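The values are calculated or read from the model by the stated rules, or taken from the named source; none is laboratory data. As the structure is a prediction and not an experimental result, all values here were calculated from the model. Using ideal geometry, Cβ is built from the backbone for each residue, glycine included, and neighbour counts are taken over all protein chains shown.
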Amino acid sequence: MSIRFYNPPPVLLAKGNKEGVDIGGALSIIAMDKHHYLHIVEHIFSELSWGKFWEDPAYSDQIQDFTVKHEDNAGLFDPKTLIARLVNAFAKIRANGWIFYGIGDFESNSFMDALCMDLDYGYVQQLMEEHKRVRDQLKFPMLLDQDFTEHSYINSKFNGNGYQYFHYSNTNPADTDLYAIIERMNPLIGYVTGIVCTAQDAANFYVISETMRPLRQKAEIRMNTNTLDEALDLIRKDVIYPISWFRIDLNLGSLKTLEQWNEIKDNEDLKFALRAYFDYVKTDLKEEHDLHKQRKKNQEEIEEIKVSELSAEQIVDDISKLEELFKMDDLGLFDKKTEF
């Protein structure tokens, strides 16, 4: 089951060939909508450069110089810019009926260095070699047109131990609406890390390590190299192609991972934005969740009624109850003005 990833950072669309490779990174605020699709709401940092390889065959896998294609690092170094982007992100999340889901860190460096992972160098070397092979053979698929907008999306799927944090069923809204997801995720803190690989029209996130745990529990990094072995096997078969590293810190606790958090956390504009978000969750999302729960309860009560086992008096009484249930759901089935 794939999910849509809207407005992906340019680093997830990185390419390469024999002459050079895209090098860059992004630190981005991620939201989730009611369909469980992910959205990049705002970039705290985003840059992408073209790294040109040396022409000398002896150094053909080393970068000679860079040409900047896109650079925006103000959110990393200027507290005012960071505050403005966070405030704007939370306002946009509320306006669209989404929830804050976390902060994503994406880095494309031809797999020359592992991002936030104590990964055996043998794996890093294999990824570097496979990335070079794909570059040389010009096999990177085109996921999006170059002129994409915030409404553009790529299909994506999370694989490995982190799958359950990103993929939710839509069969029962009372258990998987946005408020229910917040209730499920809020007691947890931590991150997932891994590699992003692309296939035609899709980005696959392979979770290699994760630290998700209850809030007061000590962090423990859990590695899953089996997932990486599976990814490498598919890469060698040219089913998928390696693009970048990723790390996603989940929930509001991810804000504390920002380098300038201690400097900005007491800012009044930011505190107002967070309070407005909390109010939105406790009112708008909670009301919708309660409605889903009531509808689920109504449906269960309706399914329990077995008319053949009821007396005439019970049938009349239960039909009256059904009328009330339907009225509560605003279906209008017993509205005298309704024509059938």
Lone unmet requirement of (1) at pLDDT 90 or above; (2) over 30 Å from Asp279 (Cα atoms); (3) surrounded by fewer than 21 Cβ atoms within 10 Å (Cβ to Cβ); (4) not small (Gly, Ala, Ser) for Phe106: (3)
Limited to the range 174-206, what total is found for residues that are assigned to a helix (DSSP H, G or I) and out of contact with any strand residue (DSSP E or B) (no Cβ under 8 Å at 6 or more places or on another chain)? 7
Note: among Glu71, Glu130, Glu42, just one is closer than 30 Å to Asp229 by Cα, of a type outside the set (Lys, Arg) and in contact (Cβ under 8 Å) with a residue 12 or more places away in the chain, namely Glu130
Filter result for Asn159 (farther than 26 Å from Thr257 by Cβ, in contact with an Asp or Glu (Cβ under 8 Å, 6 or more places away or on another chain) and either at pLDDT 90 or above or among the hydrophobic types (A, V, I, L, M, F, W, C) (or both)): no
Since Lys80 meets every condition but one in (1) at pLDDT 85 or above; (2) surrounded by 14 or more Cβ atoms within 10 Å (Cβ to Cβ), which condition does it not meet? (2)
Could you tell me which numbered condition Phe278 fails, if it satisfies all but one of (1) assigned to a helix (DSSP H, G or I); (2) under 30 Å from Lys132 (Cα atoms); (3) hydrophobic (A, V, I, L, M, F, W, C)? (2)
